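Have a look at the structure below before the remarks.
The values are calculated or read from the model by the stated rules, or taken from the named source; none is laboratory data. Since this is a predicted model, take the numbers as computed values, not measurements. Every residue, glycine as well, gets a Cβ built from its backbone with ideal geometry; the counts of neighbours run over all protein chains shown.
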Amino acid sequence: MKDSIDKRLKILYLLNDEQKLILFEDIYNEYYKLSFYIISKYINNYNDICDLVNDCFLNVFKHINSIKKNIKYYIVVTSKNNALQFIKKQNNIILDNDYIYKHQDEMNDYYDYNSIHKLLKKILTDEEIEIIELHLLYNEKFKMIAKKKKLKEQTIKSIYYRAIKKVKEKRELYE
């Protein structure tokens, strides 16, 4: 589906309003979980996360005519920025150069898949990482993952939720 989204973004000016809405819906369905995942790394409250994800996609909708390619990058950056702005408002933090310098490594990790992967490798097994990536990044259903790995669907769900719990527990240690 990603190829289809990228192709349609390139010819957006040729699409009518209905086709643009369908494209937006496809973008939302494809990248909702990714945006949720990124924002949840910064924010703990479920309702706030949902609001920020919706804000992200409102931003995408407003600027869809100017996004010509790499929609995934646009969503990652927008999600991260929305979360940081939310934190700034909540804590009344002024993001000056000292603050950015102190937290630069954390902020840059969200741009670099390999950095995220390295961090996860310290906490999770390869199998847990693979299941999380398949489900969150590639939007695969647990049933399909189970079929690929020749395991029961419930086993895949257990591994997934246990891995997510490990990541959350580890994150809470550093907060």
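Looking at His117, His135, can you tell me which residue is surrounded by 11 or more Cβ atoms within 10 Å (Cβ to Cβ), at pLDDT 70 or above and in contact with a helix residue (DSSP H, G or I) (Cβ under 8 Å, 6 or more places away or on another chain)?
It is His135.
Which of the residues that make up the stretch 33-48 are more than 11 Å from the chain's Cα centre (by Cα) and either part of a helix (DSSP H, G or I) or buried (at least 16 other Cβ atoms within 10 Å of the Cβ) (or both)?
Tyr42, Ile43, Tyr46, Asn47, Asp48
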